[in-house]
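The values are calculated or read from the model by the stated rules, or taken from the named source; none is laboratory data. It should be emphasised that the depicted structure is a prediction, and the values quoted were computed from it without experimental measurement. Cβ coordinates were reconstructed from backbone atoms using ideal geometry, including for glycine residues, and neighbour counts include every protein chain displayed. Ligands, DNA and RNA are stripped out before the accessible areas are found, and what is left, the full protein with its side chains, is counted by its heavy atoms. Shrake-Rupley method; radii C 1.70, N 1.55, O 1.52, S 1.80 Å.
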Amino acid sequence: MIPLSVMLDWYPNPVHAPILVAKQLGLFAKRGLDVDIQSPADPSVPPKLVAAGRIDLAISYQPQLHLQVDQGLPVVRIGTLIATPLNALLVRADSGIDDLSQLAGKKIGYSVGGVEEVLLAAMLEHHGLTLDDVEMVNVNFSLTPALISQKVDAVTGAFRNFEPAQMKQEGVEGKPFYIEEEGVPTYDELIFVANRDTLNQHRDAYRRFMDAIGEATAWIINHPDEGWQRFIAYDPSLDTPLNKAAWNATLPRFALRPAALDVKRYRDFEAFLLERGQIKSQSPISRLAVDLNAP
């Protein structure tokens, strides 16, 4: 068996279902892989551990990948887990905000700066506003409580498969604005990254891993209820009403061909970041992402 270490971007949750279910169904073992699934204490760490050679694969985010490669980190995308943005700007449904132009003079909560502000700026510009037209409030990862309590008028960086369900549980309806409909190029939310410098040494193992992820994803789509049971069997603490709601909202977001590479998607987002001064130069796609099944 080939040992393979995989670090999630955070604690296990429905977005990781293909990985956890592949393990539960024995799809890794069937391909001669002994996969060790780990969770980080800090979600910014996994790509750095991959770059340092301490972890084989990590779950990361396409927007961050572009910045990390520009900064010289030897990481490369080898597969996609969630094939659409999850990021959304969220307001209360009873806020009266029906258009982002109505955010002028409003408070917008956020948890992490950097890419989040770049995406928000593009959304606001799409409606004739700039970041100077709103008041940014750091709510320290308490996006939903800040919005429910009306400490802020909107939050950015909310995940469309989680935060609206979380608000609903608290008796408040949320209204999401989807960033890819508001002036931001679409992108892969969650991706698998490997060390670019050692990729060829492990290409066969990584290809087998992605085949298992593809098989698990197809099985989950075909058997969503049984998939949920396999998912919560991985860790009984996952069996919560919020996770069940998120499960149903996440299913349509999984990449059905996780190893396949949409070159245009990476080229367009690289150009978007360059235009906004977030990267120093445009990297060739081969430095950013690979298709392991390409000849």
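Screening region 193-208 for residues that are hydrophobic (A, V, I, L, M, F, W, C) and out of contact with any helix residue (DSSP H, G or I) (no Cβ under 7 Å at 6 or more places or on another chain) and picking the one that is surrounded by the fewest Cβ atoms within 10 Å (Cβ to Cβ) gives 199. A single member of 231, 254 is under 24 Å from residue 31 (Cβ atoms) and under 18 Å from the mean Cα position of the chain (by Cα), and it is 254. Just one of the listed residues (174, 183) is among the small types (Gly, Ala, Ser), touching a His at 6+ places or on another chain (Cβ under 8 Å) and open to solvent by 10 Å² or more (accessible area, probe 1.4 Å), namely 183. Only one entry of 81, 86, 33 meets the criterion of being of a type outside the set (Val, Ile, Thr) and more than 15 Å from the chain's Cα centre (by Cα), and that entry is 33.
Residue by residue through region 1-48, note down the ones that are in contact with a Pro (Cβ under 7 Å, 6 or more places away or on another chain) and among the small types (Gly, Ala, Ser). Of everything in region 1-48, just one residue is in contact with a Pro (Cβ under 7 Å, 6 or more places away or on another chain) and among the small types (Gly, Ala, Ser), namely 39. Out of the residues in region 161-220 meeting the condition of being in a helix (DSSP H, G or I) and without any contact (Cβ under 8 Å) to a residue 12 or more places away in the chain, tell me which one is nearest to residue 127 (Cα to Cα). Checked region 161-220; the qualifying residue nearest to residue 127 (Cα to Cα) is 181.
Among the residues of region 237-295, those that are surrounded by fewer than 13 Cβ atoms within 10 Å (Cβ to Cβ) and outside any loop (DSSP other than H, G, I, E, B) comprise 237, 241, 252, 263, 264, 275, 286.
Being of a type outside the set (A, V, I, L, M), crowded, with 16+ Cβ neighbours inside 10 Å and touching a Pro at 6+ places or on another chain (Cβ under 9 Å), is that true of even one residue in region 70-79? The answer is yes; a qualifying residue exists.
When the criteria are applied in full, residue 231 fails the requirement of being among the hydrophobic types (A, V, I, L, M, F, W, C), part of a helix (DSSP H, G or I) and within 17 Å of residue 67 (Cα to Cα). Scanning for something within 20 Å of residue 186 (Cβ to Cβ), surrounded by 18 or more Cβ atoms within 10 Å (Cβ to Cβ) and not charged (D, E, K, R), does region 53-60 turn up at least one residue? Yes; the residues of region 53-60 include at least one that is within 20 Å of residue 186 (Cβ to Cβ), surrounded by 18 or more Cβ atoms within 10 Å (Cβ to Cβ) and not charged (D, E, K, R).
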